[in-house]
Structures are given as structure tokens and as C-alpha cells.
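Peer 1: After the C-alpha cells below, expect a handful of questions from me.
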Amino acid sequence: MRNYEFWFVVGSQDLYGQEVLDTVAKRAAEMAEKMSASLPYPLKYKVTAMSNAQITQIIREANYDPACAGIVTWCHTFSPSKMWINGLAALQKPWCHFATQYNREIPNEEIDMDFMNLNQAAHGDREHGFIGARLRAARKVIAGYWQDEDVLKRIGDWMRAAVGAAFSKELKVMRFGDNMREVAVTEGDKVEVQTKLGWQVNTWAVGDLVKEMNAVTAEEIDALMAEYEANYEIATDNVAAIRYQAKEEIAMKKMLDREGCMAFSNTFQDLYGMEQLPGLASQHLMSKGYGYGGEGDWKVSAMTAIMKAMGEGGNGASAFMEDYTYHLEKGNEYSLGAHMLEVCPSLAQPGSKIKIETHHLGIGMNEKDPARLVFEGRADDAIVVSLIDMGGRLRLIVQDIQCVKPIMPMPNLPVARVMWKAMPDLATGIECWIIAGGAHHTVLSYDVSAEQMRDWARMMDIEFVHISKDTTVEGLERELFLSDLAWKLK
Ligand code: MN
């Protein structure tokens, strides 16, 4: 990951005299520095802007600096916003309008007309807000006091979404072979996706991977085996199967890193020359931040990589997931999510036992029993996310879910599993998901919020659908109908 930063651009004008402008600049620098201590990425004070030329210049610089992941603007004083038009019209980076003020309180006795001239964010930010609305600009508006923890948390969350946007624009996806035959939802327009989201999605032959695997040395496998042993409990005598997964992981990682790819997909239908579907191999790569999608699902793979990058430390608890089966006991309804093998261990309770097991896998062309990590997902609030291609546009669907400790041990289930209640309730949640066209493959995240995904969708200019505790089927149908019309006109 790059060392991303954000730029603080403060609006003013030249009517107030140098003393006021010096005070604004001094305070803006102080605010940026203090806020940075509580934000996931540094906020760098850049300029107190007083003219069209200054604003246009700083926005040009922001556009062309790959480290700058977005701008945060604020108007300490009044800042006539016609002078912002040329700059904002050219802005190519995410924009957050932060409506705050330097002082927390109105200082009763002290307040006079000088104070009012210096501290007029309340009307400065309204003028600034108007031009954002007038330009139909994609922006996030956050209001509140700049030293408050909840306000800083919201700015930090927005920054992570903006980093997701920057990461998306440079993301490369390696496809080993094609999509699973006949499946519709894993298809998509790769040209449209590259235009909108920046993803470079290309294919590599499985034969190239097999060639790479054959060149892996015993020493390389020994080193990765030591890493597996340090992190996981080996619950099988079939060490050869684990070593085979290590060989697959090393070969895939070499190819991914050589091409600069942070996401990959494969399919059980195309493993020619391989003995096992990569299970443990894909899971361990995911734990390092690589995105993955099964059955050639490159969209979910890319989304996994992006949401991992948006999370804590640039590799949060976000993972490729699949809705498998339901528990429909009245009043105690749950979804069970898993995959054939490939569930990322970032979903496990930190410190819990993660086992390496080997089992027969009937589906696909596996000659040998593949090794995989088996564990339970942790109990916590989460979201599931699906990006679908509606033909002519992309739709991002997010559903709030509540993960629980699986309500039964399921000792014969040979894969990692997560159990959850979907919002607003399981049946309505399923109806909403199906009406919206959400896939069976998702990214499940404990780390990224629905609001962050909404911010990300706005930055990428794609449709966003949120299924929450307040969603009704009727309301959603109406929203989708109107949204369909709007996106056709857009
Ligand atoms: Mn699948």
C-alpha cells in the first residue's frame, strides 16, 4: 500500500486584512496537526485559499499526486464560492466538506464584530455547500466539532473509503482461467469496470501456474510450513497435502507479485495439472491482504481486496463469503455462510483455534484431498457486500447482518463457517437481497461499515443499495424502480 495522505484546503477571501488571514492559516495548520494524531491517515494543511487561481492550482496538484487520496475543505471565514468552481469542476479525488469551527463555544463577553468576522464558518460553510450542490459534485459532508472523538471517527472512516477508491483505481486482478461455466452473476463487463472503478482484470493460463509450481523448491516450502505451524494447529497426518498447498501458495504469490496484482480468482473446473484446488493456499494469501473469488468471480475478488485495504492497518477483517444454507427454525432463523474451502481466517475470533484439516472434495477435478483452514467466524455486527453488473451500470448492494457464534458445532462440516441474522429479519432480508439481484458470493466484513461503502460507491459513481433494519420490501422495490430510471438518464 502507498503511504496515503489527505489535504486540508481552507477557504477564505482577501477582504479581511493580513492579520485575519495569518490567524486562519495558523489555526488551520494547528487543526490539521492535532486531528492527524487521531486519524488513520495524515491530514496535511495546504493553503488558505483566497482566489480562483489558488484553488485551481491546489486541486491540479491533488489530482496528480498519487499519495493524495482526497481533499478536506472548510471555510474558517466566508469564501465566495464562484472562485471554487473551476477547481472543483476539475477535481478527480474524493472530497469531504468538513463543517466545523475553530472555537467550540461562543465566548459570551468577548464576542464582538471582529470575532464574528474571523469565526464565520456557519455562513462560510453554507456558501461552500451551495456550490457543491450546484455542481452536483460527489462529496461527503461531515459537521461537528473538530476535536470530538465521534467527529474524528467519521472523518477517519471517510478517509478509509477514499483509500479504498485510490486502491481501486490501481487494482490489478489475476484470473487463473475463466468463470465457472453457465453462471450469470459472476460475469461482468470488464471494460465498464475498468472505466468506472479502475480495475485491470486479465487472465493467466493455469498451465503457467503449474510451471511456476514445478519451480518451487523444498526450502521455500519448508519456510512456509514453519509459518503455517506458527499460526495454525495441524490436525491431519497428511503433511504432503499441506506441502502441496504451500507450493501452490508460493507459486501464486510469485505470479501475483510479479504482475502487481492484489486480487485473484480461479475455478475448480480448471485445475489442469494441479492435484488440489488451492484451499489453505488461497486462505493464507487472503490473510495477507490479497482478494480472492471462487468460481472465477473476479468482481468479488476485487471487492475483497478493496475492503481489506479500507480496514484497520490496511488489511482488515473482510473476506470472500458465500450464502450456503438456512436454519429456518421459527424465531431462531440464521444463514450459514462458508465456501468449498476458501474462507479467510481474518473472520476468526482473534486468538481462537484455527485448524488445518484435509478432506475429500467431491466437486471439481481434485485428484487429492485438499488441505484447508477450519474455524468459526466470530460474533459481531457485520455487513455483506455484492457488486453486480446490471448491464450498462454497476450496482453495489450492502446488507447489515449480525454474526453469532454458530448455534451448533457441526462436527462433520469440513470447512470454516460463519452464522448470521440478516437485517431486518431473515425472511425479509432474503426477499430484499433477491429483489435487488445480490449474488450468492459476497464480501463479509466486520471492519468496514455500510456508510463507508456508501461513501465508496459515491466516489466511484455507481448505484448503492442498503438493506438495513429499516428496509421494507415495498420501499426497496420503489427505490429500485426509481433508481433504474435515474441511472438510465445519468
Ligand atoms: Mn462459490
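Peer 1: Ranking request for peptides 338-345, 310-317, 15-22, 191-198: highest mean number of other beta-carbon atoms within 10 Å first, then the rest in descending order. It would help to have the intermediate numbers written out before the result.
Peer 2: Details: 338-345: 25.1, 310-317: 19.2, 15-22: 13.0, 191-198: 15.5.
By packing density, highest mean first, the sequence is 338-345, 310-317, 191-198, 15-22.
Peer 1: Residue 474 versus residue 226, label points 7 Å from Cα toward the beta carbon: distance in nm?
Peer 2: 6.5
Peer 1: If you don't mind, another one. At a probe radius of 1.4 Å, what is the per-residue accessible area of residue 14, in Å² to the nearest 10?
Peer 2: It works out to around 110 Å².
Peer 1: With +1 on each Lys and Arg Cβ and -1 on each Asp and Glu Cβ, how big is the dipole of the range 172-489 about its Cα centre, in debye rounded to the nearest 20?
Peer 2: Rounded to the nearest 20 debye, it is 300 debye.
Peer 1: Answer rounded, prolate or oblate for the range 1-119, using the Cα gyration tensor with square roots of eigenvalues a ≥ b ≥ c: rounded when a/c is under 1.5, else prolate when a/b is larger than b/c, else oblate.
Peer 2: Oblate.
Peer 1: Keeping every protein chain in place, order 353, 368 by accessible area at 1.4 Å, biggest value first, i.e. largest first.
Peer 2: Details: 353 135, 368 105 Å².
Result of the area sort, largest leading: 353, 368.
Peer 1: For the range 188-309, I need the span (max minus min coordinate) of the C-alpha atoms along each principal axis, in Å, sorted largest to smallest.
Peer 2: 47, 28, 24
Peer 1: Could the peptides 219-230, 155-166 be put in order, highest first, of the mean number of other beta-carbon atoms found within 10 Å of their residues? Present the calculation step by step, with values, prior to reporting the outcome.
Peer 2: Values: 219-230: 13.4, 155-166: 23.9.
Answer by packing, highest mean first, reads 155-166, 219-230.
Peer 1: Net charge around residue 218, counting only other residues with Cβ within less than 14 Å of its Cβ (Lys, Arg = +1; Asp, Glu = -1)?
Peer 2: Here the charged neighbours net out to -1.
Peer 1: With θ taken as phi - 60° and the coefficients 6.51, -1.76 and 1.60, list the Karplus ³J(HN,Hα) couplings across the range 33-42 in order, rounded to whole Hz; mark glycine and proline as x.
Peer 2: Along the range 33-42, the couplings run 5, 5, 5, 4, 5, 10, 10, x, 9, x Hz.
Peer 1: Same structure again: Please report Rg (one decimal) and Dmax (integer) in Å for the Cα set of the range 69-115.
Peer 2: Computed over the Cα atoms of the range 69-115, radius of gyration and Dmax are 14.8, 45 Å.
Peer 1: Just to make sure I understand: if all protein chains stay in place, what is the order of 468, 51, 282 by accessible area at 1.4 Å, largest first? Each step should come with its number before you reach the end.
Peer 2: On the way: 468 20, 51 40, 282 0 Å².
Reading off the accessible areas and sorting them downward yields 51, 468, 282.
Peer 1: Separate question: Treat the range 111-251 as a sphere of radius equal to its Kirkwood radius over Cα pairs and apply Stokes-Einstein at 10 °C in a medium of 1.306 mPa s; give the translational diffusion coefficient in µm²/s, rounded to a whole number.
Peer 2: For these conditions, the coefficient is 74 µm²/s.
Peer 1: For the range 62-187, what does the alpha-carbon gyration tensor say about shape, rounded, prolate or oblate, given a ≥ b ≥ c as the root eigenvalues, a/c under 1.5 as rounded, and a/b over b/c as prolate? Please report the intermediate quantities before stating the final value.
Peer 2: Numbers: a/c = 3.29, a/b = 2.33, b/c = 1.41.
Taking the square roots of the gyration eigenvalues as a ≥ b ≥ c, the range 62-187 is prolate.
Peer 1: In a shell of Cβ-Cβ distance under 13 Å around residue 429, excluding residue 429 itself, what net charge do Lys and Arg (+1) and Asp and Glu (-1) give?
Peer 2: Neighbour charge sum, excluding residue 429 itself: -4.
Peer 1: Mind listing P(r) for the chain? All alpha-carbon pairs, 10 Å bins, whole percents.
Peer 2: 4, 19, 26, 23, 16, 9, 4, 1, 0
Peer 1: If you don't mind, there's one more thing I want to ask. Between the range 98-116 and the range 370-408, what is the separation of their alpha carbon centroids in Å?
Peer 2: Cα centroid of the range 98-116 versus Cα centroid of the range 370-408: 46 Å apart.
Peer 1: Then there is this: Aspartates and glutamates near residue 190 by alpha-carbon distance under 15 Å, same-chain residues fewer than 8 away left out - which ones?
Peer 2: Answer for residue 190, where 15 Å is the Cα cut-off: 170, 178, 297, 389, listed by chain and number.
Peer 1: Compute the length gained on full extension between residue 353 and residue 38: take 0.36 nm times their separation in residues and subtract their Cα-Cα distance, giving the result in nm to one decimal.
Peer 2: Here the segment from residue 353 to residue 38 would lengthen by 110.1 nm.
Peer 1: Something else now. Can you work out ³J(HN,Hα) from phi for every residue in the range 234-248, in order, using Karplus 6.51 cos²θ - 1.76 cosθ + 1.60 and θ = phi - 60°, giving whole Hz and x for Gly and Pro?
Peer 2: 7, 10, 8, 8, 7, 5, 4, 5, 5, 5, 5, 5, 4, 4, 5
Peer 1: Something else about it: Work through the residues other than residue 446 whose Cβ is under 13 Å from its Cβ and net out their charges, Lys, Arg +1 and Asp, Glu -1.
Peer 2: Numbers: positive: 308, 378; negative: 312, 380, 381, 400, 447.
Surrounding charge for residue 446 is -3.
Peer 1: Over the range 61-190, what is the relative contact order in percent, taking alpha-carbon pairs closer than 8 angstrom and at least six residues apart?
Peer 2: Rounded, it is 28 percent for the range 61-190.
Peer 1: Please compare each pair in 308/353; 26/288; 153/488; 153/469 to a cut-off of 30 Å on the Cα-Cα distance and tell me which ones are over it.
Peer 2: The answer is 26/288; 153/488.
Peer 1: Related question: Could you run the Karplus curve 6.51 cos²θ - 1.76 cosθ + 1.60 with θ = phi - 60° over the range 210-219 and give me ³J(HN,Hα) per residue in whole Hz, x for Gly and Pro?
Peer 2: Result, ordered by residue: 4, 4, 5, 4, 5, 8, 6, 8, 4, 5 Hz.
The values are calculated or read from the model by the stated rules, or taken from the named source; none is laboratory data. Note that this is a predicted model, so its numbers are computed, not measured. Note that we place each Cβ from the backbone using ideal geometry, even for glycine, and neighbour counts take in every protein chain shown. Only protein heavy atoms, including side chains, enter the accessible area calculation; ligands, DNA and RNA are left aside. Shrake-Rupley method; radii C 1.70, N 1.55, O 1.52, S 1.80 Å.
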